[in-house]
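Working notes for the structure below.
Please treat every number below as a calculation from the coordinates, not as lab data. Fair warning: this is a prediction, and the values are worked out from it, not measured in the lab. Cβ: placed from backbone, ideal geometry, glycine included. Neighbour counts: every protein chain shown.
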Amino acid sequence: MPTHTKLVEYQVGGARIAYTADAVSADGEVAYEGTIVKNTADNEIDLAFDYADVKACSIYATTAMVVETNSTTVPDDTFTLAAGEQLAWTNNETATNPFTANVTKFYVTNSDANNDGTLKIHVLLDVTP
């Protein structure tokens, strides 16, 4: 059974004030890790799942990227990530699932003119019927 863990550390003046680990397990997962070439618009990634099944997710980009779901013209969800930024979520949080519709594809734009970027998408799913 796959487990995804979201770690959060908070420091003040270099001293750790708080550290939490939120581990979530489920029976399925989908993932993509790859390079998005510089100056690429709407790079298609075939990764599909039902949003109601999502228990945890992480989207991380090494360069500034825009990640859209299902469409390039009218996406269901759009995630704008700065270089080195990560979107991370678990179903134990008060925040809602960042996905608002079933995902059939991702479309990724890397507008960095000089650098290819690495994109990592990991989604933990409860696929029990």
Item to check | Among T63, T20, T100, residue whose mean-square fluctuation peaks in a GNM of the chain (springs only between Cα atoms under 10 Å) | outcome: T20
Next on the checklist: List the residues, sorted by chain then number, that are 5 or more residues from G28 or on another chain and whose placed amide H is less than 5 Å from its amide H.
Outcome noted: L125, V127
Checklist entry - For the modelled label position 7 Å from the Cα of A41 along Cα-to-Cβ, which residues of the stretch 71-110 have backbone nitrogen atoms closer than 16 Å? => result 71-75, 107-110
Checklist entry - Given Cα pairs under 8 Å that are at least 6 residues apart, what percent is the relative contact order of the stretch 26-125? => result 50
Checklist outcome for this item: Here the residues of the stretch 111-129 lying in the modelled label zone of A52, meaning backbone nitrogen under 17 Å from a point 7 Å along Cα-to-Cβ, are 125-129
Item to check | Residue-wise HN-Hα coupling along the stretch 51-56, computed from phi with Karplus coefficients 6.51, -1.76, 1.60 (Hz; x: Gly, Pro) | outcome: 5, 5, 8, 6, 10, 7
Next on the checklist: Can you tell me the mean projection area, over all orientations, of the convex hull of the stretch 26-125's alpha carbons? Units nm², please.
Outcome noted: 5.8
Checklist entry - Once fully extended, how much extra length lies between A23 and M1, figured as 0.36 nm per residue of separation less the alpha-carbon to alpha-carbon distance? => result 6.7 nm
Checklist entry - Quick one: net charge of S25's neighbours, Cβ under 12 Å, K/R +1, D/E -1? => result -3
Item to check | Leading residue at positive end of dipole, the chain (Cβ point charges), from V127, Y107, N39 | outcome: N39
Item to check | Full-extension gain in nm, A31 to K105, via 0.36 nm per residue minus C-alpha separation | outcome: 25.4 nm
Checklist entry - Once you charge only the Cβ atoms, +1 for Lys and Arg and -1 for Asp and Glu, what is the size of the charge dipole of the chain about its Cα centre, to the nearest 20 debye? => result 380
Item to check | Cα gyration tensor category, rounded, prolate or oblate, for the stretch 67-129 with a/c compared to 1.5 | outcome: prolate
